[in-house]
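**Student:** Sharing a structure below in structure tokens format, with a few things to ask.
All of the numbers you see were taken from the coordinates with simple rules; none came from a lab. All of these numbers come straight from a predicted model, not from anything done at the bench. Cβ atoms come from the backbone with ideal geometry, glycine included; neighbour counts cover every protein chain shown.
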Amino acid sequence: MGARDPGAVKVEARHAGALRVHDFVARSRANGPGVRAVLWLQGCSLGCPGCFNPGAHPRDAGERASVDELLARVADLGAGIEGLTVSGGEPLEQARPLRALLERLRRRAPLSVILFTGFTWEEVTAAAEMAHVLPFVDVLVAGRYDAARRLARGLRGSANKTTHFLTDRYAEDDLEAVPAAEIAIGPAGEVLVTGIDPPHLGVR
């Protein structure tokens, strides 16, 4: 999907106390530096061709979770994780409750936050509701996925994506050191394949 006029970007109005969730993983090494919790939010209107996670696109799928519930889920992991990575779907289409979650998390725990969005930096900063999330983010990876410019390195799926270090917590070398993929087997035998260059196993 091509870039939109920033003034035309619309963020879905959702209840500030809840988020529509696609998946949550307590520990991952393939979604940012160190061991991280990963939250995939449900719903995306961008529909980039070749997206690895099309199951996260429908807005009426996934599960509704309160900000309180998600905050407790992340905070209870304590010193076992370095931070939280938020992906999707399109997280900034739930900007208001996402901001509430990240703001409260920052007050409660010294965790870093990495946020993936399909919106460009210009779109994010031009839309007040999305821009208000940025003070609670350490690294923003922005831009539509472009399969023709596939990169799969340094947390960027394609070369057109831009990385914005909003604090001094991480640098480019930290992102380059993140493993490209990860395969995890859950207690019930479910398989989770994730990362910036995941193998295609017909799952997720």
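**Student:** Can you name the residue in the range 188-204 that is in contact with a strand residue (DSSP E or B) (Cβ under 6 Å, 6 or more places away or on another chain) and either in a loop (DSSP other than H, G, I, E, B) or at positive phi (or both) and, of all such residues, is surrounded by the most Cβ atoms within 10 Å (Cβ to Cβ)?
**Tutor:** The selected residue is ILE196.
**Student:** For the range 112-156, name all the residues that are under 16 Å from GLU90 (Cα atoms), in contact with a Lys or Arg (Cβ under 7 Å, 6 or more places away or on another chain) and touching a residue at least 60 places away in the same chain (Cβ under 8 Å).
**Tutor:** Result: GLY118, GLU123, GLU129.
**Student:** Any residue in the range 167-187 that is part of a strand (DSSP E or B) sitting within a Cβ distance under 7 Å of a residue that is surrounded by 14 or more Cβ atoms within 10 Å (Cβ to Cβ)? List the pairs, counting only those 6 or more apart or interchain.
**Tutor:** Correct list of pairs: GLU182/SER28; GLU182/ARG29; GLU182/ALA30; GLU182/THR194; GLU182/GLY195; ILE183/VAL193; ALA184/LEU192.
**Student:** Could you list, in sequence order, all residues of the range 75-94 that are surrounded by 20 or more Cβ atoms within 10 Å (Cβ to Cβ), among the aliphatic types (A, V, I, L, M) and touching a helix residue (DSSP H, G or I) at 6+ places or on another chain (Cβ under 6 Å)?
**Tutor:** Across the range 75-94, the qualifying residues are LEU84, LEU92.
**Student:** Separate question: Please go through (1) touching a helix residue (DSSP H, G or I) at 6+ places or on another chain (Cβ under 9 Å); (2) of a type outside the set (Val, Ile, Thr); (3) buried (at least 16 other Cβ atoms within 10 Å of the Cβ) for LEU166 and return the number of the only condition it doesn't satisfy.
**Tutor:** Result: LEU166 fails condition (3) only.
**Student:** Same structure, new question: Scan (1) part of a strand (DSSP E or B); (2) surrounded by fewer than 17 Cβ atoms within 10 Å (Cβ to Cβ) for the single condition GLY157 breaks and write down its number.
**Tutor:** (2)
**Student:** While we're on this one: Can you name every residue in the range 130-150 that is surrounded by fewer than 16 Cβ atoms within 10 Å (Cβ to Cβ) and either charged (D, E, K, R) or part of a strand (DSSP E or B) (or both)?
**Tutor:** If the condition is that a residue be surrounded by fewer than 16 Cβ atoms within 10 Å (Cβ to Cβ) and either charged (D, E, K, R) or part of a strand (DSSP E or B) (or both), then ARG149, ARG150 are the ones that fit.
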